[in-house]
1. Figure the gain on full extension for GLU33 and VAL159 (residue separation times 0.36 nm, minus the Cα-Cα span) and round it to one decimal in nm.
2. Between ASP212 and ALA58, what is the label-point separation in nm under the 7 Å Cα-to-beta-carbon projection?
3. Using the Cβ atoms and a cut-off under 15 Å, what net charge is assigned to the surroundings of ASN155, where Lys and Arg are +1 and Asp and Glu are -1?
4. Taking Rh as the Kirkwood radius computed over C-alpha pairs, what is the Stokes-Einstein D of region 140-189 at 10 °C in a medium of viscosity 1.306 mPa s, expressed in µm² per second?
5. If you split all Cα-Cα distances of region 95-236 into 5 Å bins from zero, what percentages do you get per bin, shortest first?
6. If you project the alpha carbons of the chain onto the principal axes, what extent comes out on each, in Å, largest first?
7. So what J values fall out for region 38-44 if you push phi through Karplus, 6.51 cos²θ - 1.76 cosθ + 1.60 with θ = phi - 60°, rounded to Hz, Gly and Pro as x?
8. Please work out how much length the chain gains when fully extended from GLU127 to LEU46, using 0.36 nm per residue of separation minus the C-alpha to C-alpha distance, in nm with one decimal.
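The values are calculated or read from the model by the stated rules, or taken from the named source; none is laboratory data. All values derive from a computational prediction rather than experimental measurement. Heads up, the Cβs are rebuilt from the backbone with ideal geometry, glycines too, and the neighbour counts pull from every protein chain shown. Keep in mind that these areas ignore ligands, DNA and RNA; they rest on the heavy atoms of the full protein, side chains included. Shrake-Rupley method; radii C 1.70, N 1.55, O 1.52, S 1.80 Å.
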Amino acid sequence: MSFPQTIMGKWGWEQVVTTAKKHKLGTRMQIAETEYVYASAGEAVLAGQLMESAAVEANENDDLAVATTAAGSTTVSVTFGGAVTKDEYADGFLYVNAGGGAGAGFRYRIKGNAAGTSGVTVTLDHEDGLITALTNGTDVVGAAKNITSGVLQSNTTSVGACVGVTMNDIASGSYGWLQVRGQGVCLIQGTPGAGLGLMRSNGTAGAVELADGSLQDIGTLGRTAGVNGEYHEVYLNI
């Protein structure tokens with residue numbers, strides 16, 4: 001079964017939350033002039049708050065050994081630095097972060113992975129498979145989960161990039177939609193003026209504040225001044 005990567009939705013679809021995965025992570029949905037991205041929650045999160053990507057698992061993300069694999073193969077045997085669960089990296093990317101061949105710098109969408117630590121079979125979502133061969137002992141790879149896998153409430157000290165604003169409460173491990181563009185609502189820190197630029201807050205988790213160039217910009221405030229600790233109209237561009 002194939003899944004569309006962009007959905008033309010209807011109002012209300014953006015608030016649907018499920019315990020089972022219904023789309024590929026990162027799937028886009030457009031409703032009128034607004035846009036959303038499909039995500040899983042890494043903790044219980046509340047509606048109207050800014051989310052960030054989960055931190056990488058340091059022993060899994062770079063310099064991973066691979067078995068020698070021919071060009072064109074759609075599976076790669078990878079030795080991770082820790083145990084991974086089945087399809088933990090589905091919808092993420094496998095990339096060649098260093099090596100002596102021509103493959104360094106290439107990245108491939110991951111369709112799924114087996115469970116385990118050593119010799120884990122990673123299946124690529126590429127019809128033509130690897131562009132160049134991989135050589136054990138020469139090439140090493142990294143694995144990156146989809147940026148919307150296990151999202152967290154945006155912390156005052158960032159662990160990842162901002163990825164969107166929740167449209168509903170989402171329990172840990174469940175799936176839902178984050179708004180990334182268009183007219184929306186988000187928790188406010190401080191009292192930013194109407195129409196001024198906003199960034200992720202470094203003082204209130206899940207909030208946005210007046211942009212000063214020090215943190216990731218996420219859009220602009222709406223048509224009236226913000227009120228600290230309240231939810232307010234914003235124009236998102238994440």
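1. Working: separation 126, 0.36 × 126 = 45.36 nm, distance 2.99 nm.
This chain segment gains 42.4 nm when fully extended.
2. Those two pseudo-labels are separated by 2.9 nm.
3. On the way: positive: ARG200; negative: GLU43, GLU52, GLU209.
With Lys, Arg at +1 and Asp, Glu at -1, the net is -2.
4. Working: Rh = 12.8 Å.
For the chosen part, D equals 124 µm²/s.
5. All Cα pairs considered, the percentages come to 2, 9, 15, 15, 13, 9, 10, 10, 9, 6, 3, 0.
6. If we take the Cα atoms of the chain, the spans are 60, 38, 28 Å.
7. Calculated HN-Hα couplings, in order: 7, 9, 10, 9, x, 7, 5 Hz.
8. Working: separation 81, 0.36 × 81 = 29.16 nm, distance 3.87 nm.
Stretched out fully, the GLU127 to LEU46 stretch lengthens by 25.3 nm.
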